[in-house]
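Please read the structure below before turning to the comments.
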Amino acid sequence: MSPRKTLLIVYHSMTDGTRQMADAARAGACSDKDGAVQVRLLHAAQAGAADVLGADGFIFATPENLAAISGQLKDFFDRSYYAVLDHVNGRPYACLVCAGSDGHNAARQMERIATGWRLRAIAEPLIVCTHAQTPEAILARKSICSDELERCRALGEAMAQGLALGVF
């Protein structure tokens, strides 16, 4: 039997949309009935270098704030970056972005960070657009539709299966 793998999901969410996406990814990853993959879901403020070093794969989830990843997720990367540099080369990752209108800049920022860590993307960034454009809509609690959550769930499931099978 091969050793158990660990999938680390790190997220930040101010209006609950990104948390819902991360929870859906976790649910998909946990659908593995043989227990080959341990799934850890951590808020960005709680995650650090030791968590990254202890994981075999990653899903990073963020809202897009002012065309960038959230400050809390950036803080996680700032605190962890140099301690894990050259220790996670080639590990798989995916990203989830909850955006008001676009999300691509946040996805590009995460891609640049992952490139620095020499991570390997296993999927295109999964961007959910909430169409929030006014200050009230941007700050309001989000409710991500079931179709979008299913996409997040499927990504989590694919990541866990890939880790379990040794594909990644």
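With respect to the conditions (1) of a type outside the set (Val, Ile, Thr); (2) assigned to a helix (DSSP H, G or I); (3) surrounded by 24 or more Cβ atoms within 10 Å (Cβ to Cβ), Arg26 lacks only one, and its number is (3).
From the list Val88, Val128, Val97, the one residue that fits, being in contact with a Ser or Thr (Cβ under 7 Å, 6 or more places away or on another chain) and either open to solvent by 40 Å² or more (accessible area, probe 1.4 Å) or outside any helix (DSSP H, G or I) (or both), is Val97.
Report whether or not Arg40 is closer than 17 Å to Ser13 by Cα, charged (D, E, K, R) and surrounded by fewer than 22 Cβ atoms within 10 Å (Cβ to Cβ). When the stated conditions are applied, Arg40 passes them.
Might you check whether a residue that is under 14 Å from the mean Cα position of the chain (by Cα), among the small types (Gly, Ala, Ser) and more than 22 Å from Asn89 (Cα to Cα) occurs anywhere in segment 7-14? For segment 7-14, residues under 14 Å from the mean Cα position of the chain (by Cα), among the small types (Gly, Ala, Ser) and more than 22 Å from Asn89 (Cα to Cα): present. The set of residues in segment 50-67 that are in a strand (DSSP E or B) and in contact with a Ser or Thr (Cβ under 9 Å, 6 or more places away or on another chain) comprises Gly57, Ala61, Thr62, Pro63, Glu64.
The values are calculated or read from the model by the stated rules, or taken from the named source; none is laboratory data. Because the structure is predicted, anything quoted here is derived from the model rather than measured. We place every Cβ from the backbone using ideal geometry, glycine too, and count neighbours over all the protein chains shown. These accessible areas exclude ligands, DNA and RNA; they are computed on the full protein's heavy atoms, side chains included. Shrake-Rupley method; radii C 1.70, N 1.55, O 1.52, S 1.80 Å.
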